[in-house]
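Visitor: This is the structure I have questions about; it appears just below.
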Amino acid sequence: MEFEHAAAMGQRIARNVERVIVGKPDVIERALVALIVGGHVLFEDVPGVGKTMMGKALNKSIGCSFKRIQFTPDLLPSDVTGVSIYSQKTGEFSFRPGPIFANIVLADEINRASPRTQSSLLECMEEGQVTVDGITHELPSPFLVIATENPIEYEGIYPLPESQLDRFLMRLNIGYPEREDEKQIVKAQSFAHPIESIGSVADAADVTLMQEAAKHITVSEAIYDYMLDIVRRTRDRQHIHLGASPRGSLALMKSAQALALLQGRDYVAPDDVKVLAPYVLAHRLILDPQARIGAIDARELVVDIVRETPIPEPSPTG
């Protein structure tokens, strides 16, 4: 019964977000996968396609706290995590939390901040906590960072280091809408934005329920072997200098469980792995110089690896 409730809850959230993000059900589903896994999402796309609105719509749907951080070159780590302030009345320091203390945090144009400020997110994203002046402060649960970056700008940006990229569960792009979807978007916003009319259809307890239900989705031995075959092939592939780490294997497994839940299955099928592998693994790869000069796309390399890897027969019992 808990499984059915969790699956229905995921579908209800997805439909609510679709009222704002039109014609992108697959992207919404992958963002929900990240929320269920407790991972983080990096949206790499051109301006104006709905990256920021995706975060806002997801937040309004689950009725949790939301903060937006505009990353700029002069942003300091304390502007993100918070700072200890001395009180003359009490003679003690008190901690003033930064905007990272929210359930959903939108890190807008994350690659415009300095490497020092970017690194302030590492502990937050990996361990769900912030350490300031030697004191550790727990972040709220659920906790999701949705970061955005513009792939066509090269001036005044600081590319995310590999350690930062590896903290993101998935790297996604929304892309331009189809013609009819764009027409619907334009007509719907003639008087007011749809984000103003949607309400919450879930809360933090419902998200926790989905997260717990996903952990019990069955993964057969054949599926484990299939995932590992894909990941290990990234480590000895031409044009890939450094393949996905065990963290990538774990991310792929958890993501596949969450996707199975959203699709109403209590077991992981090969298609779950096939669909998610390019989005979970590609940003974790380091390509060799020849690949970078030749503009070879890491996601396409993963797609080729998935295509070449033998597919096992799906089995709910393993």
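Visitor: Examine the stretch 286-296 for a residue that is closer than 25 Å to GLU29 by Cα and not assigned by TED's automatic domain parsing to the domain that holds GLY10, and state whether such a residue exists.
Guide: Among the residues of the stretch 286-296, not one is closer than 25 Å to GLU29 by Cα and not assigned by TED's automatic domain parsing to the domain that holds GLY10, which makes the answer no.
Visitor: All but one of (1) assigned to a loop (DSSP other than H, G, I, E, B); (2) in contact (Cβ under 8 Å) with a residue 60 or more places away in the chain; (3) over 26 Å from ARG284 (Cβ atoms) hold for PRO47; which doesn't?
Guide: PRO47 satisfies every listed condition except (3).
Visitor: Based on this model, can you work out whether SER220 counts as surrounded by fewer than 17 Cβ atoms within 10 Å (Cβ to Cβ) and among the small types (Gly, Ala, Ser)?
Guide: In short, no.
Visitor: List pairs: first in the stretch 3-30 and without any contact (Cβ under 8 Å) to a residue 12 or more places away in the chain, second among the small types (Gly, Ala, Ser) and surrounded by 14 or more Cβ atoms within 10 Å (Cβ to Cβ), Cβ under 8 Å, 6+ apart or cross-chain?
Guide: PRO25/ALA14
Visitor: Now for a different question. Is there any pair linking a residue in the stretch 79-102 that is not assigned by TED's automatic domain parsing to the domain that holds GLN118 to one that is part of a loop (DSSP other than H, G, I, E, B) and surrounded by 15 or more Cβ atoms within 10 Å (Cβ to Cβ), with Cβ under 8 Å and at least six apart or on different chains, and which?
Guide: none
Visitor: Collect the residues in the stretch 103-116 that are of a type in the set (A, V, I, L, M) and either under 16 Å from the mean Cα position of the chain (by Cα) or not assigned by TED's automatic domain parsing to the domain that holds ALA34 (or both), keeping them in residue-number order.
Guide: ILE104, VAL105, LEU106, ALA107, ILE110
Visitor: If you check GLU92, GLU44, which single one turns out to be acidic (Asp, Glu), within 16 Å of the chain's Cα centre (by Cα), more than 24 Å from ILE217 (Cα to Cα) and at pLDDT below 90?
Guide: GLU44
Visitor: I've got another one for you. Determine if the stretch 100-114 includes at least one residue that is outside any loop (DSSP other than H, G, I, E, B) and farther than 23 Å from ARG171 by Cβ.
Guide: No, the conditions are met nowhere in the stretch 100-114.
Visitor: Confirm whether LEU121 is in a helix (DSSP H, G or I) and either crowded, with 19+ Cβ neighbours inside 10 Å or in contact (Cβ under 8 Å) with a residue 60 or more places away in the chain (or both).
Guide: Answer is yes for this residue.
Visitor: Using the structure shown, decide if VAL83 is at pLDDT 85 or above, outside any loop (DSSP other than H, G, I, E, B), buried (at least 19 other Cβ atoms within 10 Å of the Cβ) and of a type in the set (Val, Ile, Thr).
Guide: no
Visitor: Another question, if that's okay. When you go through LEU281, LEU261, LEU250 one by one, which is the residue that is part of a helix (DSSP H, G or I) and surrounded by fewer than 23 Cβ atoms within 10 Å (Cβ to Cβ)?
Guide: LEU250
Visitor: What is the residue count in the stretch 185-207 for residues that are part of a helix (DSSP H, G or I) and either touching a Lys or Arg at 6+ places or on another chain (Cβ under 8 Å) or surrounded by 15 or more Cβ atoms within 10 Å (Cβ to Cβ) (or both)?
Guide: The total comes to 7.
Visitor: Within the stretch 127-145, does at least one residue satisfy the condition of being touching a Lys or Arg at 6+ places or on another chain (Cβ under 8 Å), closer than 22 Å to HIS283 by Cα and exposed (fewer than 14 other Cβ atoms within 10 Å of the Cβ)?
Guide: no
The values are calculated or read from the model by the stated rules, or taken from the named source; none is laboratory data. Because the structure is a prediction, the values reported are computed rather than measured. Here Cβ is always computed from backbone atoms with ideal geometry, including for glycine, and neighbour counts include all displayed protein chains.
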